[in-house]
1. Does segment 138-145 include one or more residues that are aliphatic (A, V, I, L, M) and in a strand (DSSP E or B)?
2. Give me a count of the residues in segment 61-77 that are assigned to a helix (DSSP H, G or I) and surrounded by 21 or more Cβ atoms within 10 Å (Cβ to Cβ).
3. If you scan segment 138-175, which residues turn out to be surrounded by fewer than 23 Cβ atoms within 10 Å (Cβ to Cβ), closer than 25 Å to GLY38 by Cβ and not acidic (Asp, Glu)?
4. In segment 2-55, what residues are on the phi > 0 side of the Ramachandran plot and either without any contact (Cβ under 8 Å) to a residue 60 or more places away in the chain or touching a helix residue (DSSP H, G or I) at 6+ places or on another chain (Cβ under 6 Å) (or both)?
5. For segment 29-57, which residues satisfy the criterion of being part of a strand (DSSP E or B) and within 12 Å of the chain's Cα centre (by Cα)?
6. Among (1) modelled with pLDDT of 80 or more; (2) in contact with a Pro (Cβ under 7 Å, 6 or more places away or on another chain); (3) more than 30 Å from GLU65 (Cα to Cα), which single condition is GLN155 missing?
7. Scan segment 4-11 and tell me whether some residue there is at pLDDT 95 or above, among the acidic types (Asp, Glu), under 15 Å from VAL220 (Cβ atoms) and surrounded by 16 or more Cβ atoms within 10 Å (Cβ to Cβ).
8. Scan segment 158-184 for residues that are more than 24 Å from ARG30 (Cα to Cα) and either among the hydroxyl-bearing types (Ser, Thr, Tyr) or part of a helix (DSSP H, G or I) (or both) and report the count.
Amino acid sequence: MSSTVLEINSLSKRFGNHAALDSVSFNVGRGEIVALLGDNGAGKSTLVKCVAGLFQADSGEILLEGAPIKSGTPAKVRANGIGVVYQDLALFDNMSVAENLYAGSEPRWPSGLGGFAFTRHREMLQGARETFDRLEVRIPNLNTPVGLLSGGQRQAIAVSKAIAFANKLVVLDEPTAALGLRERTNVLRLVKQLPHTGVSVIIISHNLEEVISVADRAVVLRQGQFVGEVPAIQENHETIVSMIVGGSSHYRGAKQGGDHVRV
């Protein structure tokens, strides 16, 4: 089995005259947490949507375990083994916790009738409870509408949903934005659990301290272009900041310490 889960090769995406991504390339290893960093407009969210299959790149390719990722529905994305948490969470406030966890993947009977089949609510509740227990997420009542929960609980549900149906890659776009310290700690704990199950992670965050606490490697984009990558360690803090704001050339980090080389 290959040690590389995701390969992004010369990926480009334009919106009119604006190049959101300009020949971006990097890889994600199996069980690796890669932080995707950059200022607003760097192309991070566009890249996430390309990986998720929601955008079709204009050129280049994305390979998941050696097979090209094609555009499709969120259900097809999940079927590929990819879980995605978008910045807006994409939760339904009027639906319960369990219904949000299984939205688009509800257990139904008879199985061949799609939306005309009956939802197996008891099975859905049991599966949701088992998922939250396994991830140590505390949600007292799974029938509670998500709109009544705290920001931290909502974020934990979104992350849990991505984790529950992903067996290859989880992509998290600002998973701790606007959360308190305790809530952020819980979400980061969930992220750090994933490599132990063989699942790789791409995490987007503006909080560099959080990135260093969970990620193995930092990949930096600026104005749609790949700037470089270094190990996500405290010794590389200033280097990463310089890469983000434009004070450095391209970097590819060494495997140890704060050493790095320009390329």
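The values are calculated or read from the model by the stated rules, or taken from the named source; none is laboratory data. Note that this is a predicted model, so its numbers are computed, not measured. Cβ atoms come from the backbone with ideal geometry, glycine included; neighbour counts cover every protein chain shown.
1. Let us first name the residues in segment 138-145 that are aliphatic (A, V, I, L, M), namely 139, 142.
Restricting the remaining residues to those that are in a strand (DSSP E or B) gives none.
Scanning segment 138-145 turns up no residue that is aliphatic (A, V, I, L, M) and in a strand (DSSP E or B).
2. Initial filter on segment 61-77 (assigned to a helix (DSSP H, G or I)): 74-77.
Among the residues that remain, those that are also surrounded by 21 or more Cβ atoms within 10 Å (Cβ to Cβ) are: 77.
So the count comes out to 1.
3. Of everything in segment 138-175, those that are surrounded by fewer than 23 Cβ atoms within 10 Å (Cβ to Cβ), closer than 25 Å to GLY38 by Cβ and not acidic (Asp, Glu) turn out to be GLY151, ALA166, LYS168.
4. If the condition is that a residue be on the phi > 0 side of the Ramachandran plot and either without any contact (Cβ under 8 Å) to a residue 60 or more places away in the chain or touching a helix residue (DSSP H, G or I) at 6+ places or on another chain (Cβ under 6 Å) (or both), then SER10, GLY16, GLY31, GLY38, GLY53 are the ones that fit.
5. ILE33, VAL34, ALA35, LEU36, listed by residue number.
6. Against the list (1) modelled with pLDDT of 80 or more; (2) in contact with a Pro (Cβ under 7 Å, 6 or more places away or on another chain); (3) more than 30 Å from GLU65 (Cα to Cα), GLN155 comes up short only on (3).
7. Looking through segment 4-11, none of the residues is at pLDDT 95 or above, among the acidic types (Asp, Glu), under 15 Å from VAL220 (Cβ atoms) and surrounded by 16 or more Cβ atoms within 10 Å (Cβ to Cβ).
8. If we filter segment 158-184 for residues that are more than 24 Å from ARG30 (Cα to Cα), which is where we start, we get 177-184.
If we keep only those that are either among the hydroxyl-bearing types (Ser, Thr, Tyr) or part of a helix (DSSP H, G or I) (or both) as well, we get 181-184.
Result for segment 158-184: 4.
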